Amino acid sequence: MEYRSTRGNDQKVSAAKAITTGLAPDGGLYVPCAFPKMQADLSGLTYEQTAVEVLKLFLTDYTPEFLQSAAEKAYRSFGDGAGKTVSVPGHGVFLELWHGPTCAFKDYALQLMPHLLVEGKKLLDDKRLTHILVATSGDTGKAALAGYAGLDGIRISVFYPQDGTSRIQELQMVTQTGENVAVYAVKGNFDDAQSGVKRAFGDKELAQELAEKGAYLSSANSINWGRLAPQIVYYFYCYEQLVAQGTVTRGQAVDFCVPTGNFGDILAGWYAKQMGLPVGRLICASNENDVLTEFLSTGVYNARRPFYKTESPSMDILVSSNLERLLYHVTSDAAQVKEWMDTLSREGRYEVSEAVLQEIQKTFACASVDAAGAAEEIASLYKESGYLMDPHTAVAYAAAKEQAKENVCVVLSTASPYKFPGSVLKAVGQPVPQDEFEALKELEQFSKLPAPEALKNLQTMPVRFTQIIEKEQILDVARG
Ligand SMILES: *Cc1c(COP(=O)(O)O)cnc(C)c1O
């Protein structure tokens, strides 16, 4: 399988090259040149075995033996929670993606991708130091730190918006151990952090300077193909569980409703559909930052709008990078995609044609749900079934109720409710202690279920990183 840039058709690269590089040299994103069809019978396979079947179709330069050992290392810590699909009778089906080490779905990609990167460098005989820069709205940062800490030949620097994450998310990052890690709070919001990182990637002089030192920059954000490929797996795995549980018969279409920020998670579902999985519609759920809902309804992408800090911070994004991949696949026109992206960075908006919009709308539905709407769903679902969701999942649950039609609709549950204890307590009408760890204890008592140890332990871990920087200083960090 070869990969090419969404903004230029000429140069094709291997999976190892796409994963070690991150962003294509022309600023585009790497996409597969074809969609492999899933031919294997996945019934009865473990999560790791399913991962190998999916990944070997895309990562053809890696051996299946390597992929198997990488999948085993990556998903061991999930216990039997990998890809867990839970039916709440009368209310819906949840794909719980938060049984990994950092309690959010990004672990699926970020526990595996570090192995793909290290092996990719070996395949390419690349001995340079990889400096990974990560802009995070909260969950990517910790998941990337956990995945890359302590790996040889790799350094990682994480940038999060100051005051833009929950206290627990922040502590997860600033307490990270390991000699090769660093964490910075950036003044501004997620888009400031992301644009600072993008600027570092685009800086030719900096690249030259680093090359002379035997180093280069790479990305762990979902612009990296190594983030997307592992996320395709759980759509297949979930479908097999639905068949095994008798929720659907094989071949019957299933809709997925995905709480969306950078459009990576939902796009992985679109790839699964291209590979032959019977995916009906993909429902894109947004919070108050409803740029994608507007785009999917009107064809106008307008990032020049107020930015809201919400109860679902990992979706607080105005520039959804992975949409570029979908636009490329739908149009097969790299020059057109480049023009849209140039217009976006110049004018903050672009508009696609009616034909392109209609093609996208064949698969994608959308809804945006505000904090009050999501909180109501947390409360009523809990009251009626005892099932507790986090605020991101609740946005998707509400969107699914609004948009779901006749198909079974799976809601992707992207974070543990214990990761956002204050918001969840508030939603269910309980008093919210100031201190987030008090809130965590309260929520445990309220729900009568234990919170994940990894979250409880944060309270006593030493804080290692306290630096606050301007977004312009991201370049200096990248240089250093
Ligand atoms: C990152 C994240 C999302 C959004 O996922 P994208 O791939 O960026 O669309 C949703 N929920 C949670 C909990 C997240 O961490």
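So between residue 205 and residue 345, what do we pick up on full extension, going 0.36 nm a residue minus the alpha carbon distance? Don't jump to the answer; show the numbers that get you there.
Values: separation 140, 0.36 × 140 = 50.40 nm, distance 2.08 nm.
My answer for the length gained is 48.3 nm.
Would you report the distance distribution of C-alpha pairs in segment 268-310 as whole percents per 10 angstrom bin, up to the bin with the largest distance?
Percent of Cα pairs in each bin: 25, 37, 29, 9.
To the nearest 10 square angstrom, what accessible area does residue 106 show with a 1.4 Å probe?
20
Ignoring ligands and nucleic acids, what accessible area does residue 10 show with a 1.4 Å probe (Å², nearest 10)?
130
Once every DSSP H run of n ≥ 4 in the chain is given -39500 (n - 2.57) and the sum is divided by its residues, what mean residue ellipticity at 222 nm do you get, rounded to the nearest 500 deg cm²/dmol?
Values: 21 runs with 213 residues, N = 480.
So the helix-based figure for the chain works out to -13000 deg cm²/dmol.
Looking at segment 1-114 from every direction and averaging, what is the projected area of its Cα convex hull in nm²? If you can, show how the numbers build up before the last one.
Working: hull surface 35.6 nm².
Here the figure is 8.9 nm², rounded to one decimal.
State, to one decimal in nm, how far the label point of residue 358 lies from the label point of residue 126, with both points 7 Å from Cα in the Cβ direction.
Here the answer is 4.2 nm between the modelled labels.
Determine the relative contact order of the chain: mean sequence separation of Cα pairs under 8 Å and six or more apart, normalised by residue count, in whole percent. Present the calculation step by step, with values, prior to reporting the outcome.
On the way: 943 pairs, mean separation 89.9, N = 480.
Taking the mean separation of contacting Cα pairs over the length of the chain, I get 19 percent.
If you count only protein heavy atoms with a 1.4 Å probe, what accessible area per residue comes out for segment 44-123, rounded to a whole Å²?
Working: 2870 Å² over 80 residues.
Computed with neighbouring chains in place, this is 36 Å² per residue.
Report the residues of segment 34-65 in range of a label on residue 250: point 7 Å along Cα→C-beta, backbone N strictly under 13 Å from it.
Counting only backbone N, you get 39-45.
So between residue 68 and residue 37, what do we pick up on full extension, going 0.36 nm a residue minus the alpha carbon distance?
Details: separation 31, 0.36 × 31 = 11.16 nm, distance 1.98 nm.
Going from the current span to full extension adds 9.2 nm.
With all protein chains present, how much of the accessible area of the chain (probe radius 1.4 Å) comes from carbon and sulfur, to the nearest whole percent?
Working: 8810 of 18220 Å².
That fraction is 48 percent.
Label points 7 Å out from Cα along the Cβ direction at residue 149 and residue 465: separation in nm?
Output for this residue pair reads 1.1 nm.
Distance in nm between label sites at residue 372 and residue 435, each 7 Å beyond Cα in the beta-carbon direction?
Between residue 372 and residue 435, the simple spin-label model gives 3.3 nm.
What's the extension gain from residue 449 to residue 88 if we count 0.36 nm per residue and subtract their Cα-Cα distance?
Stretched fully, the residue 449-residue 88 segment lengthens by 128.3 nm.
Quick one: the Cα spread of the chain along its three principal axes, in angstroms, biggest first?
Extents along the principal axes: 61, 50, 47 Å.
So if I restrict to the alpha-carbon atoms in segment 201-245, what is the Rg, and what is Dmax, the biggest pairwise distance, in Å?
Rg then Dmax for segment 201-245, in Å: 18.7, 57.
From the phi of every residue in segment 382-395, what ³J(HN,Hα) in whole Hz does the Karplus formula 6.51 cos²θ - 1.76 cosθ + 1.60 yield, where θ is phi - 60° and glycine or proline is x?
4, 4, 7, 9, x, 8, 9, 10, 7, x, 5, 4, 5, 4
The values are calculated or read from the model by the stated rules, or taken from the named source; none is laboratory data. Model, not experiment: these values are computed from the prediction. Every residue, glycine among them, receives a Cβ derived from its backbone with ideal geometry; neighbour counts consider all protein chains shown. For accessibility, only protein heavy atoms count, side chains too; no ligands or nucleic acids. Shrake-Rupley method; radii C 1.70, N 1.55, O 1.52, S 1.80 Å.
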